[in-house]
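The values are calculated or read from the model by the stated rules, or taken from the named source; none is laboratory data. Just so we're clear, the structure is a prediction, and the values are computed from it rather than from any experiment. Reconstructed Cβ throughout: ideal geometry from the backbone, glycine too, with neighbour counts over all protein chains shown.
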Amino acid sequence: MSTKSIDEMFRHVADAGDVPGVVAMAATANELIYSGAFGRRWLPDGPPMTTDTVFWLASMTKAITSTAAVLLVEKGKLELDAPIARVLPELAEPQVLEGFSPDGEPQLRRANRPITLRQLLTHTSGLGYDIWNPELLRYRETTGMPDLMSCRNAALNLPLVFDPGTRWEYGIGIDWAGKAVERVSGKVLQPYFDEHLFGPLGMRDTGFKLTTGQRERLAGVHTRQDDGSLEQTVFELPQEPEFQMGGGGLYGTAADYLAFEQMFLNGGRIGSTRVLLPETVRLMGQNHSGGSAVTMLKRSMPFSNDAEFFPGMVKKWSLAFMLNTEPVPGGRSAYSMAWAGLCNTYQWIDPANQVAGVIMTQILPFFDAKVVELFGKFERAIYASL
């Protein structure tokens, strides 16, 4: 498919109202091969989407925080398999939620092993999300804990849902990994990211707090209604949070995120600047969830649909990304690295074919059928053009 045909595909879905607007980009290790912006930043009459439109990255933040943590492993400041309580004493005695008593009280027991950084990064620590776990939602409601989106420290004090290292469940582990980065570096996440990732990679439009200029380019969040229509939703993360949410707090642009992806295609470099060692990049592309496979996210709150990439295929987790263990027909190679954000932003990195891509919208709930289909079409179109 030609670049012109990809433009037509995106223009059609925006004109049809399937999405308010969309920005998509793809690149090889050293060359931008596609860039396009279509539709509006908000409906019905917002300004046009542009390639420098700012989006809430949500869980696409996770790969950045994970990379920062692995960079500190590379420097000998963190260890993958040591008890993380050495750095985060708050996790010294993790409790496992086993259910609720007849009168509704949470039933907890001490976990049978300590949590490690590797488990935090691979979602095998036992920490979950109430968005996809009804038991954790009940626990939060029963105890009156603040919601994670409040960015209050108390929101992280959830119990485990299984003993560390025994299975996979998507969760808040990388928020805790972000706190580990802060503890050993002596810096909060934003300045650490600025110095070691964003500065070297030229990611000048990515941060936890919106600047005046970024706010002027910010895309509005929309919610898909039952009839398929879209309505704008008022949403913004706290701009003066108690903690910078390493699992989902960043705002940024498609171009910035693509630069982050290209660093992985380049073996840890961008231009002549080295960010990670080549062996660290190789390590980050390997399966670190062991025998535990990525499972479907079954929604327990209206912010998400049930979500599963490539049903029927075994998926694993690296130190920063989901890994598809088989090639995708017409698309990415086996063991490509990918993930997504709650407002339907998606990315992939294919080291074997030396190509990466990103597509950004701002729609709830997560795993919107129209955007997932569009993402798949975009990916196949990019491979067809190579």
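When you go through Leu121, Leu136 one by one, which is the residue that is in contact with a helix residue (DSSP H, G or I) (Cβ under 8 Å, 6 or more places away or on another chain) and in a helix (DSSP H, G or I)?
From the options Leu121, Leu136, the qualifying one is Leu121.
Would you point out the residue of segment 245-258, among those that are among the hydrophobic types (A, V, I, L, M, F, W, C) and in a loop (DSSP other than H, G, I, E, B), that is nearest to the chain's Cα centre (by Cα)?
Among them, the one singled out is Leu250.
Tell me which of these Thr51 doesn't satisfy, since it passes every other one: (1) at pLDDT below 95; (2) in contact with a strand residue (DSSP E or B) (Cβ under 6 Å, 6 or more places away or on another chain).
(1)
Listed residues Met313, Met360, Met337; which is more than 20 Å from Ala14 (Cα to Cα) and under 14 Å from the mean Cα position of the chain (by Cα)?
Met337
Restricting attention to segment 98-123, which residues are in contact with an Asp or Glu (Cβ under 8 Å, 6 or more places away or on another chain) and surrounded by 15 or more Cβ atoms within 10 Å (Cβ to Cβ)?
Within segment 98-123, Leu108, Ala111, Thr116, Leu117, Arg118, His123 qualify.
Please identify the pairs in which a residue from segment 77-93 that is in contact (Cβ under 8 Å) with a residue 12 or more places away in the chain has its Cβ atom under 8 Å from the Cβ atom of a residue that is assigned to a helix (DSSP H, G or I) and of a type in the set (Ser, Thr, Tyr), counting only partners at least 6 apart or on another chain.
Sorted first by the residue in segment 77-93, then by its partner, the pairs are Lys77/Ser185.
Is it true that Met25 is crowded, with 23+ Cβ neighbours inside 10 Å, part of a strand (DSSP E or B) and of a type outside the set (Phe, Trp, Tyr)?
yes
Residue check, Ser333 against (1) out of contact with any Asp or Glu (no Cβ under 6 Å at 6 or more places or on another chain); (2) touching a residue at least 12 places away in the same chain (Cβ under 8 Å), all met but one. Which one?
Exception for Ser333: condition (1).
Given (1) of a type outside the set (Phe, Trp, Tyr); (2) on the phi < 0 side of the Ramachandran plot; (3) over 23 Å from the mean Cα position of the chain (by Cα), where does Gly39 come up short, assuming only one miss?
For Gly39, the failing item is (2).
Restricting to helices (runs of 4 or more DSSP H) lying wholly in segment 169-234: which have 3 or more residues that are in contact (Cβ under 8 Å) with a residue 24 or more places away in the chain and out of contact with any His (no Cβ under 7 Å at 6 or more places or on another chain)?
Answer list for segment 169-234: 173-185, 189-193.
If you take the residues of segment 259-285 that are in a loop (DSSP other than H, G, I, E, B), among the small types (Gly, Ala, Ser) and modelled with pLDDT of 95 or more, which of them is farthest from Thr28 (Cα to Cα)?
Looking at residues that are in a loop (DSSP other than H, G, I, E, B), among the small types (Gly, Ala, Ser) and modelled with pLDDT of 95 or more, I get Gly285.
In segment 343-367, what residues are in contact with a strand residue (DSSP E or B) (Cβ under 8 Å, 6 or more places away or on another chain), outside any strand (DSSP E or B) and surrounded by fewer than 23 Cβ atoms within 10 Å (Cβ to Cβ)?
Pro351, Pro365, Phe367, listed by residue number.
Here are some residues: Val328, Val294, Val372. Which one is under 17 Å from the mean Cα position of the chain (by Cα), farther than 24 Å from Thr67 by Cα and among the β-branched types (Val, Ile, Thr)?
Val372
Would you point out the residue of segment 267-289, among those that are in contact (Cβ under 8 Å) with a residue 40 or more places away in the chain and among the small types (Gly, Ala, Ser), that is surrounded by the fewest Cβ atoms within 10 Å (Cβ to Cβ)?
The residue in question is Gly285.
Quick one: what pairs do we get from segment 350-371, first residue in contact (Cβ under 8 Å) with a residue 12 or more places away in the chain and at negative phi, second aromatic (Phe, Trp, Tyr) and part of a loop (DSSP other than H, G, I, E, B), C-beta under 7 Å, 6+ apart or different chains?
Here the result reads Leu364/Phe303; Pro365/Phe303; Phe366/Phe303, each pair linking segment 350-371 to a residue that is aromatic (Phe, Trp, Tyr) and part of a loop (DSSP other than H, G, I, E, B).
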